[in-house]
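The values are calculated or read from the model by the stated rules, or taken from the named source; none is laboratory data. Every value quoted in this text rests on a predicted model; they were computed, and no experiment measured them. Please note: Cβ atoms are built from the backbone with ideal geometry, for glycine as well, and neighbour counts cover all protein chains shown.
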Amino acid sequence: MSRSVVVVGGGLAGLVAARHLAEGGADVTVYEQRETVGGRVRSRRRKGCLLDVGFQVLLTGYPAVRRELDLEALDLRSFKPGAVIARPGQRSVLSDPLRDPTAAVDSLTNSEVTMTDKLRTLALRQDLSTREFSRLLERPDASIRAWLREWGFSERYLSNFVAPFYGGITLDRSLSTSKRVFEYTFKALSEGGTAVPAEGMGAIARQLADRATAAGATIETGEAVTELTPKRRHAVVDTDTDRRAVEAVVVATPPRVAARLTGVEAIPTEAVGCVTQHYRLPGGPPLDTGKRILLNAGDTAPNTIVPISEVAPEYAPGDDLLLNATFLGEAAFDTPGDALAETTRETLDAWYPERNFDDLERLGTDRIEFAQFAQPPGVHDSLPDVRDGGRRTYLAGEYTEWSSIQGAMKSGRKAAEAVLEDV
Ligand SMILES: Cc1cc2nc3c(=O)[nH]c(=O)nc-3n(C[C@H](O)[C@H](O)[C@H](O)COP(=O)(O)OP(=O)(O)OC[C@H]3O[C@@H](n4cnc5c(N)ncnc54)[C@H](O)[C@@H]3O)c2cc1C
């Protein structure tokens, strides 16, 4: 008789777990409370445009991404390495001369960052290329700011480039996040591409769901799990409409829900969030960033502006330009959508004095309170293991690794392997 397993949550971790469990011969049901799978990685259509939840990208250098996804089938649209550092009346490209020779001259002559800092970046790149991804979360920890200062990087480099760029990745412009997150993402950015699927980030979750169902898993959407009752020989799973006894449960919800369902205190529940707005500029024309994001070096709001349809033309119809802007910090959550949109328009007007942004049309505002769990230095040392859920209960989710697509997928696979080994 095959082993019965319920996976709670159809985000990336839950979908990866379901696939490996089903491939291992288990009888798997995924309960996902929303009508669609993907959790924090979803997309929707608005006025012919494709809007992801917030601004997210796929780093193809992540080991779990290479292992779990058919990247070719995702039809990826790639960003160019680096970014455009913007301030009123001034825009300059800072790229990786080793990966983007066409921008080498611009990068080497970019006056936002000193030559010494550019050379240190190459040394850091070399240092990380000799280390394995699997060991990075075990290294001694410090804040990104303290660690880069220790490496000798200047305050100017930190504020002009690192704060908006890595602050955009960690959703923490103060750079107080664990440097392990910096190391992992820096290495992945150096060794792989940065991309979005032509059909939006949600296509990643759809592919994982298709792979799970092809392996034999059942995915029930619109069905929330309300309670878990582990017993010695089985676990009872209550949903909105049903009750089942199964041999094992994999809890792949966001961390706060996982903490509530399991009572495991080691699950991190503190959050970092962001507010992302999506805009259409009818008829374009392009912003001349050459498929790069714009970093706000002159101010903090918005932190970044991304001409996403220049990277993936499928995101907007015809010649329209689709942009998104991300605001970090608490204040953005209390600011009305029209005021945020006005800030973006004023910022674009200042960065591009030669252009007019009066036609900028706001398509949506994502206020994401729990985008990632907070990752201060040392946090990864106390995260729970996939086996720490208690009797018959396993944990899967970024919160057992680190907050990222990589962390979620790796955790899903590890949880499935643990269940198949134990049950
Ligand atoms: C705005 C934003 C930007 C980000 N940028 C990046 C990036 O660029 N690169 C990167 O690698 N990572 C990024 N991340 C982080 C990454 O998206 C997450 O770490 C990852 O998707 C988490 O996956 P998960 O499966 O662990 O959890 P989730 O995606 O949260 O999935 C949990 C699932 O459980 C479901 N659920 C909740 N409660 C119940 C219940 N009671 N019953 C049934 N189902 C339930 C939820 O609906 C959800 O589908 C970003 C996240 C956000 C939000």
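A few remarks follow.
- Being modelled with pLDDT of 95 or more, of a type in the set (A, V, I, L, M, F, W, C) and under 24 Å from VAL181 (Cβ atoms) holds for only one residue in ALA316, ALA374, and it is ALA374.
- Of all residues in segment 205-222, those that are part of a loop (DSSP other than H, G, I, E, B) and either surrounded by fewer than 20 Cβ atoms within 10 Å (Cβ to Cβ) or free of Cβ contacts under 8 Å to residues at least 40 places away in the same chain (or both) total 3.
- Scanning segment 71-91 for residues that are assigned to a loop (DSSP other than H, G, I, E, B) and closer than 23 Å to TYR184 by Cβ gives LEU71, LEU74, PHE79, LYS80, PRO81, GLY82.
- Residue within segment 44-57 that is within 16 Å of the ligand (Cβ to nearest atom), over 30 Å from GLU346 (Cβ atoms) and out of contact with any Ser or Thr (no Cβ under 8 Å at 6 or more places or on another chain) present: no
- Take the conditions (1) surrounded by fewer than 22 Cβ atoms within 10 Å (Cβ to Cβ); (2) in contact (Cβ under 8 Å) with a residue 40 or more places away in the chain; GLN372 misses just one of them, which is (1).
- Hey, GLU346 over 29 Å from ASP75 (Cα atoms), of a type outside the set (Lys, Arg) and outside any loop (DSSP other than H, G, I, E, B) or not: yes
- The single condition among (1) within 16 Å of the ligand (Cβ to nearest atom); (2) not in a loop (DSSP other than H, G, I, E, B) that TRP402 does not satisfy is (2).
- Taken over segment 251-283, the criterion of being within 11 Å of the ligand (Cβ to nearest atom), hydroxyl-bearing (Ser, Thr, Tyr) and either in contact with an Asp or Glu (Cβ under 9 Å, 6 or more places away or on another chain) or in a helix (DSSP H, G or I) (or both) is satisfied by THR276 alone.
- Filter pass, ALA248 being away from the ligand (no atom under 15 Å from the Cβ), touching a helix residue (DSSP H, G or I) at 6+ places or on another chain (Cβ under 8 Å) and either within 19 Å of GLY389 (Cβ to Cβ) or of a type in the set (Ser, Thr, Tyr) (or both): yes
- Selection of segment 336-355 for residues being loosely packed, with under 15 Cβ neighbours inside 10 Å and touching a helix residue (DSSP H, G or I) at 6+ places or on another chain (Cβ under 8 Å) yields only ARG355.
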